[in-house]
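Each value in this text was obtained by applying a stated rule to the coordinates, not by laboratory testing. From a predicted model like this one, the values you see are computed outputs, not experimental measurements. Cβ sites come from the backbone with ideal geometry, for glycine too, and all protein chains shown count toward neighbours.
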Amino acid sequence: MLVVTEEVLDMNAHREVDSAVGVLLVFGDGARLDEWRSGATTELERFELGEPMAGSHQLRGPAASHPKGSGEGAPGARSSQQRDLYQRRLEQHRIAFVRDVAAKCLVVARSRAWPFVLVLGDPRLGGPAASVLSHGGVCVERSDRRLGWMTHHELAQAVGSDVERVLRGHAVGAAR
């Protein structure tokens, strides 16, 4: 009887490895949603950041030391604060963008009944995306690997063993 149980577990694990999963790649100027199935990926959707903070100008140069004074009178530290402020706003814009992308991916993940979504990319962006997906009830696996530049074939090879390992884990957990 133990042999039959192991065979059933092995059959369920094999069936799970054949199932499709989502792969969300996040990067500085966009994101890409792929579907991984049987060692191959297919791009479902690409998201572009577009013009960051349209309607906002990059804060550069020194702030005026006096409302009626010229910009040349401001100390260099204030100029650096302007650039830092712009970078913080840009980072906040990217995080909001990634959260919106993850919300769209959540709908796709549910409709395709993926057992999980693998989120890859910069942890500053991947973390918020994974959070949106997991709060939406989708199982998420995270990796800080930055693979958004890869072709579909290269991506499938790079993540294949990780995806299959997680799928086997889901199959064994579901069978118990």
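Here the gap between Ser38 and Ala113, fully extended at 0.36 nm per residue and compared with their Cα-Cα distance, gives a gain of 25.4 nm.
With 10 angstrom as the radius, rank Arg168, Arg99 by how many other C-beta atoms surround their C-beta, starting from the fewest. Could you put the intermediate results ahead of the total?
Details: Arg168 17, Arg99 14.
By the 10 Å Cβ count, ascending: Arg99, Arg168.
Put in order of Cβ neighbour count within 10 Å, fewest first, the listed residues Val132, Val107 become Val107, Val132. Between the amide H of Phe116 and those of Gly22, distances stay under 5 Å, these residues lying 5 or more places away or on another chain, with hydrogens modeled in the peptide plane. Among His153, His93, a tally of other beta-carbon atoms within 10 Å of each Cβ gives an order, fewest to most, of His153, His93.
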